[in-house]
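One structure coming up, written as structure tokens, with questions to follow.
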Protein chains: 6
Amino acid sequence: MKLFAIKPVYAHCDLPCGVYDPAQAKIEAESVLAILKKYPELDEHNKIRAIIIKEQRAELVKQHLMVLWADYFKPEHLEKYPDLHNKFWLAIKQASNAKHHLDVSEGQKLVEQIDEIAKIFWETKKA
Amino acid sequence: MKLFAIKPVYAHCDLPCGVYDPAQAKIEAESVLAILKKYPELDEHNKIRAIIIKEQRAELVKQHLMVLWADYFKPEHLEKYPDLHNKFWLAIKQASNAKHHLDVSEGQKLVEQIDEIAKIFWETKKA
Amino acid sequence: MKLFAIKPVYAHCDLPCGVYDPAQAKIEAESVLAILKKYPELDEHNKIRAIIIKEQRAELVKQHLMVLWADYFKPEHLEKYPDLHNKFWLAIKQASNAKHHLDVSEGQKLVEQIDEIAKIFWETKKA
Amino acid sequence: MKLFAIKPVYAHCDLPCGVYDPAQAKIEAESVLAILKKYPELDEHNKIRAIIIKEQRAELVKQHLMVLWADYFKPEHLEKYPDLHNKFWLAIKQASNAKHHLDVSEGQKLVEQIDEIAKIFWETKKA
Amino acid sequence: MKLFAIKPVYAHCDLPCGVYDPAQAKIEAESVLAILKKYPELDEHNKIRAIIIKEQRAELVKQHLMVLWADYFKPEHLEKYPDLHNKFWLAIKQASNAKHHLDVSEGQKLVEQIDEIAKIFWETKKA
Amino acid sequence: MKLFAIKPVYAHCDLPCGVYDPAQAKIEAESVLAILKKYPELDEHNKIRAIIIKEQRAELVKQHLMVLWADYFKPEHLEKYPDLHNKFWLAIKQASNAKHHLDVSEGQKLVEQIDEIAKIFWETKKA
């Protein structure tokens, strides 16, 4: 008895699971934005904590966006949305900008860029 | 010059950031459910992958629920929803059940338990 | 040959493994407490490092407590210790408090709350 | 004394650190390839371990590629290499393919795609 | 005002925190051992889960041992226990063996090797 | 049909995969060094970010060195390089030093110690 035949059997499913949702990136981006807004009124200890947490949340934004971009979107979506690669590239870069800076506008820009991606995502789901 | 005074300064903000959303647990639970539904039709290699990913997704459900329960909910919520502790306990236990079993109903039960918690969450946000 | 029958086979064991020990949460809490005690005498670079490490250690306390609470404790324990949910809730919240503050007493309180839980744990193991 | 002025100070450095190296993705991809080659001769226990480790290594490939793509490459590189977005997209997708399949050729293709990206990377470093 | 003087200030404390305890490695090793003991009686789904969890627990053993070895032990301990390097090397290698194999004896050997290290650790603490 | 015979089957391969490369530790150490060099010119927000990232990179150095030491090197290498244990111990300790301090020389020393280990590694590969 063999666990698997030596000749690989191709899987035609898209495991992991087909559940994708831009809300994951959005919630983390909102967290980055909220941190940037609260930052000026924090005491010094919590200012440092805010920076630690902002790094983590912005990193999660990058991860969730990468999964959407590379795992969910398919060549046919690219044909319909030729700017898709660039939108993801700029949004992921913006997540890094939100790490580098303390300006609330950097968080707002990030949320807006994810909203644009989410709009495309939901259009492709309806199609 | 000292970075912090020796006497600790109390922070009165609730950093991290006040952004909570039961959607995070829900999306991971839907992923567990989708994996359980697809499982029977997968080849053997991807059956094993499905189990690996199901462990991870169910673990994320547990993490997201713990954050909601311990970081978001406050004593005044407990007074209004005296069963809140138990609901979280059972939902986190159900995430472990969804690790232990391959039955689709275990995933459905998990999603339903999170929906109940989400309903309470959104009631408290409106209050 | 099928790896698994389509009808799921129920597992009746409690894998992972049955090894639970409140020492895991305790050791991390002692680390949080030690950091808080050393904090005032650190230079500025290591003050920041202390805050980074305190976040991580307090997070591990939360994780270890959640595992004990949701994976080890069973309904029969709840009947005997009706305050169990609340004890865990407050201890996990205290781990967050120890993130928010620099006061040594926040770490001491955390260690004491874990000691209370550990006492109950060991009583249930003897029972 | 204030830790930071309320008006955010812009950082013009590219911290983290400027150290990028496609060798990181390459080494993980070689690990995926080596696992796929060894797979047929493994016993059943280690076949399962191989799948677990292949998931992790392929995931690291995706992470390292995302960092190169979004953190290292700049708009001027895009102008010179207009296919850059697509090369990264396909390479990250290929890392997912190498998770889905057991065929050695999937690992070889992944290594080759990373080699192409590395070639561009080193050209831009010399420029 | 500067956050830090340009000339680095040396820290003479051993942050992180001075809390070390071989119990951390021991508990994870006991978990590996318990998994190996339960393995034969598990159904197929939970056999795969057992292997996943065994990988994780054995990895944690390696991490905890590395921390003890490199962060806690000092040159004066080496003089008194000239075999210390080798003991750690063999114990960490044994954690890898417990990943590779399903034999209960591999787990028992790992627990015994950690017990030996713990004995030395507690002698150095008393000294 | 049984997934595995109850009597464990010994694996004689060295999965994971046989791909080892000291470049992994080296790249992270170069990142630590680059951070230390850039540190004095950073603004205060990015000084804190630099410390966060330095902790992570130095931790990865420790992980990669531990894998090389315990997974790659074999007793026959120890015979030929009797100082090998000590070299790894000092290099891992040096990664901790690079966490504790802001002095560029701590990063340079780390890179040099890894270079020495890499030299031995490549000699053993050629042998």
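Every number here is computed from the coordinates shown, using simple stated rules; none is lab data. Because the structure is a prediction, the values reported are computed rather than measured. Here the Cβ is made from the backbone with ideal geometry for all residues, glycine too, and neighbour counts use every protein chain on show.
Would you calculate, for chain D, the mean residue ellipticity at 222 nm contributed by helices, counting each DSSP H stretch of 4 or more residues as -39,500 (n - 2.57) and dividing by all residues, to the nearest 500?
Value at 222 nm, helices only, nearest 500: -23000 deg cm²/dmol.
Here's a follow-up. Between residue E:103 and residues 5 or more places away or on another chain, which pairs have amide H atoms under 5 Å apart, with H built 1.01 Å from N, and which residues are they?
Distant-sequence amide H within range of residue E:103: zero hits.
Could you work out, residue by residue across A:48-59, how many beta carbons of other chains sit within 10 Å of that residue's beta carbon, and then give the average as an integer?
Per residue, the number of nearby Cβ atoms from other chains is 6 on average.
Same structure again: How much net charge surrounds residue E:127 when only the other residues with a Cβ under 14 Å from the Cβ of residue E:127 are counted, with Lys and Arg +1 and Asp and Glu -1?
Charge balance near residue E:127 sits at +2.
State, to one decimal in nm, how far the label point of residue A:19 lies from the label point of residue C:119, with both points 7 Å from Cα in the Cβ direction.
A separation of 4.1 nm, rounded to one decimal place.
Select from F:64, F:45, F:100 the residue whose mean-square fluctuation is largest in a Gaussian network model of chain F (Cα-Cα springs shorter than 10 Å).
Maximum among the listed residues: F:45.
Looking at chain E as a GNM with Cα springs under 10 Å, which of E:104, E:19, E:61 has the largest mean-square fluctuation?
Highest fluctuation of the listed residues: E:19.
Then there's this: Evaluate peptide C:33-44: per residue, the Cβ atoms of other protein chains within 10 Å of its Cβ; return the mean as an integer. Don't jump to the answer; show the numbers that get you there.
On the way: counts 2, 5, 5, 2, 2, 6, 5, 6, 4, 7, 12, 13.
Mean shielding by partner chains, rounded to a whole number: 6.
Calculate the length of the line joining the C-alpha centroid of the stretch B:32-67 to that of the stretch C:54-108, in whole Å.
27 Å
Here is a further query. State, to one decimal in nm, how far the label point of residue E:86 lies from the label point of residue F:56, with both points 7 Å from Cα in the Cβ direction.
With each label placed 7 Å out from Cα toward Cβ, I get 4.0 nm.
Can you tell me the alpha carbon radius of gyration of the protein assembly as shown divided by the globular rule-of-thumb value 2.2 N^0.38 Å?
0.93
Could you grab the relative contact order for chain D? Cα pairs under 8 Å, six or more apart, rounded to a whole percent.
Across chain D, relative contact order equals 34 percent.
Would you tell me the mean number of C-beta atoms belonging to other protein chains that fall within 10 Å of each C-beta in A:84-90, as a whole number? Intermediate values should be presented prior to the final figure.
On the way: counts 2, 7, 3, 0, 5, 9, 2.
Mean number of neighbouring Cβ atoms from other chains: 4.
Next question, about the same structure. Tell me the net charge near residue C:106. Cut-off is 12 Å between Cβ atoms, residue C:106 excluded, with +1 for each Lys or Arg and -1 for each Asp or Glu.
+3
In addition: For an R0 of 56 angstrom, estimate the FRET efficiency from the Cβ-Cβ distance between residue F:105 and residue E:105 and round to the nearest 0.05.
For R0 = 56 Å, the calculated efficiency reads 0.70.
Given +1 on the Cβ of Lys and Arg, -1 on the Cβ of Asp and Glu, and no further charges, what dipole in debye does chain E carry about its Cα centre, rounded to the nearest 20?
Result for chain E is approximately 380 debye, rounded to the nearest 20.
Also, quick follow-up: By count of other Cβ within 10 Å, fewest leading, how are B:105, A:31 ordered?
In order of increasing Cβ crowding within 10 Å: B:105, A:31.
Continuing with the same structure: Could you work out which residue, out of B:25, B:95, B:50, moves most in a Gaussian network model of chain B, that is, has the largest mean-square fluctuation with Cα springs under 10 Å?
B:50
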